[in-house]
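Here's the structure, in C-alpha cells; my notes come after.
A short reminder: the numbers here are calculations on the coordinates, not readings from a lab. If you're wondering where the values come from, they're calculated on a predicted model, not measured in any experiment. Note: ideal-geometry Cβ built from the backbone for every residue, glycine included; neighbour counts use all protein chains shown.
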Amino acid sequence: AQRVTQPEKLLSVFKGAPVELKCNYSYSGSPELFWYVQYSRQRLQLLLRHISRESIKGFTADLNKGETSFHLKKPFAQEEDSAMYYCALSGGSNYKLTFGKGTLLTVNP
Amino acid sequence: EAGVVQSPRYKIIEKKQPVAFWCNPISGHNTLYWYLQNLGQGPELLIRYENEEAVDDSQLPKDRFSAERLKGVDSTLKIQPAELGDSAVYLCASSLYGRTGGHSGELFFGEGSRLTVL
C-alpha cells in the first residue's frame, strides 16, 4: 500500500525565514515523489519531482530513502510562496499518484 | 490552450438526486483521472483511464458512482443517488502517463467541480 503523511496542516513563517514542509511516505518498492502546489484561486499544479533534482522557485526536495522522507525546503520564504502544498507518491508500475493531506503555508510580511 | 476543462464549477442538489460532472482533458493526453477532494484532505483517486479503458477503478463506489470515457477523450462522472457525504470537490486531471508510454508524474488538473448535497 502507498501512504503519504504530511504531519503539519498549517505552517506559518515570516518573509525571509527558512521554511521546511515535511513529508514522509510508506511504500515497499522504489517510489517516485512529487510536490504539488495550489495557490489561492488557482488549480493544483506540479512544483517539483525528485527524479529531476531541480530547484523550482527556490524550493528543493531531497528523497531520503533511509528516513522515507521527501521534505520541501526553501532558505528564504517569500510572501508569494503562501499556498497549499501536497506531497505525492507514485509507486512502481501502477502509475497511481497518492497525495498527502496537504500543508497550508502562510508567509507573513 | 485552456488546460483541463471541467463543468459545472458548482452544483447544489438535494440528497437522492442525480448529478453529473464533465471533463475535457488536454488535447493529446491519453490518461484521465477523477479525484475526490474532501475539505481539509488531499485528492483521492476515484478512477483512472488510459484512453477509453478504466485501468484503476478500485476506489470508485460502484453502487452509486459511474464514469465513462467514450472515444478516449471527454469523460463524465455520475452520482446517482447523491448522499450528504458526497459533498466535496471533484477534480479531473490528465497526463501523458500510462503503461505504454512511461510516466513523468505530472498531472494537469482542472479547476474542479464543487458539489454540495443538501
Subject >> Exposure proxy order (Cβ contacts within 10 Å, fewest to most) of B:45, B:39 >> reply: B:39, B:45
Original post:
Over region B:1-88, what is the mean sequence separation of C-alpha contacts under 8 Å (at least six apart), divided by residue count, expressed as relative contact order in percent?
Top reply: 31 percent
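Determine, for A:98, B:116, the number of other Cβ atoms within 10 Å of each Cβ, and report the residues in order from fewest to most.
Least to most surrounded, the residues fall as B:116, A:98.
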Original post:
Which of B:12, B:47 comes first, and how do the rest follow, when ranked by fewest Cβ neighbours within 10 Å?
Top reply: B:12, B:47
**OP:** Choose one answer from B:70, B:107, B:32: the residue with the largest mean-square fluctuation in a GNM of chain B with alpha-carbon springs under 10 Å.
**Re:** B:70
Original post:
Under 16 Å from the 7 Å Cα→Cβ point of residue A:14, by amide nitrogen: which residues of region A:68-109?
Top reply: A:76-79, A:106-109
Original post:
Between region A:45-109 and region B:15-58, what's the alpha-carbon centroid distance in Å?
Top reply: 23 Å
**OP:** Compute the relative contact order of chain A as a whole-number percentage, counting only Cα pairs closer than 8 Å that sit 6 or more residues apart in sequence.
**Re:** 39 percent
Original post:
All other residues with a Cβ under 11 Å from the Cβ of residue B:52 taken together, and with Lys, Arg as +1 and Asp, Glu as -1, what is their net charge?
Top reply: -2
Subject >> Residues listed by number, region B:49-89, amide nitrogen under 16 Å from residue B:16 label point at 7 Å toward C-beta >> reply: B:80-85
